[in-house]
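For reference, the structure discussed in these notes is given below.
The values are calculated or read from the model by the stated rules, or taken from the named source; none is laboratory data. Quick caveat: nothing in here was measured; it's all calculated off a predicted structure. Note that each Cβ is placed from the backbone with ideal geometry, even for glycine, and that neighbours are counted across all protein chains shown.
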Amino acid sequence: MAIINQATKELQVKIVYYGPALGGKTTNLVQVHEHVQTAEGHKGKLVSLATSSDRTLFFDFLPIEAMAIKGFKTKFQLYTVPGQVIYNTTRQLVLRGVDGIVFVADSQYEKMEENVKSFQNLEENLKTLDLDLSEIPFVLQYNKRDLPSAAPVEYMEFLLNNRDVQVPSFGATAHKCQGVFETLNMITRMLLHKFINESNRVKQLV
Amino acid sequence: MALPQLIAEDIREFDRVLGDLVSRSEASAALIIDKAGFLIAQTGDFSEFDSTTLAALAAGTYAATQGMASVISEPNFTCVYQQGENLSLLVRNVDLETLMVVVFKAHVSVGAVKYFSNTCVPQLALQFQAASQRNPNGKLDLAMMNMEDSSGFFRKVADES
């Protein structure tokens with residue numbers, strides 16, 4: 001759950017990039033870190049707790065402050081989870097206190113089963129934290145669109161976005177920074193709208 | 001199971017308690033963080049390190065130790081201690097949602113830091129409880145927020161977009 005500090009007019013929000021192994025979650029954060037335009041000192045260091053072969057072991061972490069919001073200092077904490085199946089406990093730990101989720105799917109045909117399993121795993125892990133995906137802002141990113149074996153977007157939509165209320169989805173080629181900022185801006189917008197709606201609801205109750 | 005809305009009074013009390021701990025125990029710095037990794041309050045010398053990142057990593061470390069406790073059927077590990085060559089670190093549980101992190105010089109006794117933190121942890125927990133009871137339903141107030149351009153919270157640097 002986000003932290004709102006009325007004393008310092010500060011809002012802190014946690015966004016977790018989730019998805020199958022080698023899908024491009026860390027690449028998203030690397031690209032944001034390399035290319036984001038921020039005021040001086042508003043971009044933190046990208047911390048990667050990774051193995052010697054650059055596979056995420058615990059999480060990647062990037063603190064960053066949004067530019068366009070007046071009145072509140074809005075700090076975003078971007079995390080990734082390790083995608084490999086064996087690290088499920090670690091994924092549960094990283095999901096604690098999550099405010100928004102970006103599910104990074106791998107567009108290659110041969111990865112569809114992994115995408116679906118990872119998505120089911122996300123729903124299960126949220127349940128262990130008493131959270132429900134329908135109540136958390138989330139967006140889908142179909143990464144690796146530049147590969148020849150990429151499945152059509154319609155097929156991925158059918159597999160991963162086939163529910164009563166569809167969520168926004170973006171095609172991406174994360175290593176070229178295509179679709180990365182579009183995804184991040186959309187999850188940010190959804191999160192802030194949710195907070196503002198909750199804030200208004202609370203006011204009406206008081 | 002969520003952090004209460006904090007007001008200036010809360011932050012002042014956190015600063016007072018942390019300041020007291022730092023001066024009594026001769027620690028270098030102390031932080032209050034949320035178990036999700038957010039930084040809530042900090043006191044001391046942060047010229048040498050980034051407190052936001054430290055908060056995220058300390059929360060992760062503490063969560064991992066809770067996982068280990070569960071594996072060996074230990075109900076709870078309430079603190080994590082790391083001894084270094086120059087600096088050491090103590091992470092202590094405050095309540096269901098929050099932790100306290102103390103950074104201190106390696107020559108400072110961890111026993112002293114633990115001893116002084118024994119009195120300050122309940123004070124912090126009490127302040128969080130007071131904040132929760134102040135307005136249990138009013139966790140959000142974003143009246144000041146003005147999203148002037150919701151299309152560009154984050155932008156690529158100009159020459160690359």
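Filter segment A:1-30 down to the residues that are within 17 Å of residue A:122 (Cβ to Cβ) and part of a strand (DSSP E or B), then identify the one that is nearest to the other protein chains (Cβ to nearest Cβ).
Filtering segment A:1-30 for residues that are within 17 Å of residue A:122 (Cβ to Cβ) and part of a strand (DSSP E or B), the one nearest to the other protein chains (Cβ to nearest Cβ) comes out as A:14.
In segment A:150-198, what residues are assigned to a strand (DSSP E or B) and either under 20 Å from residue A:34 (Cβ atoms) or of a type in the set (Val, Ile, Thr) (or both)? Let's see the steps before the verdict.
Restricting attention to segment A:150-198, the residues satisfying the condition of being assigned to a strand (DSSP E or B) are A:150, A:169-171, A:173, A:178.
The answer is A:170, A:173, A:178.
Out of A:160, A:147, A:191, A:140, I need the residue that is touching a Pro at 6+ places or on another chain (Cβ under 8 Å) and farther than 20 Å from residue A:67 by Cβ. Which one?
Values: A:160 fails: touching a Pro at 6+ places or on another chain (Cβ under 8 Å); A:147 fails: touching a Pro at 6+ places or on another chain (Cβ under 8 Å); A:191 fails: farther than 20 Å from residue A:67 by Cβ.
The conditions single out A:140.
Out of all the residues in segment B:26-39, is one or more under 13 Å from residue B:103 (Cβ atoms), surrounded by 20 or more Cβ atoms within 10 Å (Cβ to Cβ) and in contact with a Cys (Cβ under 9 Å, 6 or more places away or on another chain)?
yes
Residues that are modelled with pLDDT of 80 or more, surrounded by fewer than 24 Cβ atoms within 10 Å (Cβ to Cβ) and under 22 Å from residue B:61 (Cα atoms): does segment A:27-43 have at least one?
No; the residues of segment A:27-43 include none that is modelled with pLDDT of 80 or more, surrounded by fewer than 24 Cβ atoms within 10 Å (Cβ to Cβ) and under 22 Å from residue B:61 (Cα atoms).
Going through B:44, B:111, B:84 one at a time, which residue ends up being surrounded by fewer than 21 Cβ atoms within 10 Å (Cβ to Cβ) and in contact (Cβ under 8 Å) with a residue 40 or more places away in the chain? Please lay out each step first, then the result.
Working: B:111 fails: in contact (Cβ under 8 Å) with a residue 40 or more places away in the chain; B:84 fails: in contact (Cβ under 8 Å) with a residue 40 or more places away in the chain.
Matching residue, one of B:44, B:111, B:84: B:44.
crowded, with 17+ Cβ neighbours inside 10 Å and farther than 23 Å from residue A:92 by Cβ: is that true of residue A:138 in this structure?
Details: crowded, with 17+ Cβ neighbours inside 10 Å: yes; farther than 23 Å from residue A:92 by Cβ: no.
Answer is no for this residue.
Here's the yes/no breakdown for (1) part of a strand (DSSP E or B); (2) within 13 Å of the chain's Cα centre (by Cα); (3) away from chain B (no Cβ under 13 Å):
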position	(1), (2), (3)
A:45	no, no, no
A:61	yes, yes, no
A:87	no, no, no
A:112	no, no, yes
A:123	no, no, yes
A:127	no, no, yes
A:145	no, no, yes
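Going by the structure shown, is residue A:180 within 14 Å of chain B (Cβ to nearest Cβ) and either without any contact (Cβ under 8 Å) to a residue 60 or more places away in the chain or surrounded by fewer than 20 Cβ atoms within 10 Å (Cβ to Cβ) (or both)?
Numbers: within 14 Å of chain B (Cβ to nearest Cβ): yes; either without any contact (Cβ under 8 Å) to a residue 60 or more places away in the chain or surrounded by fewer than 20 Cβ atoms within 10 Å (Cβ to Cβ) (or both): no.
Answer is no for this residue.
Among (1) within 11 Å of chain B (Cβ to nearest Cβ); (2) surrounded by fewer than 20 Cβ atoms within 10 Å (Cβ to Cβ); (3) over 27 Å from residue B:3 (Cβ atoms), there is one condition residue A:54 misses while meeting the rest; what is its number?
Condition (1) is where residue A:54 drops out.
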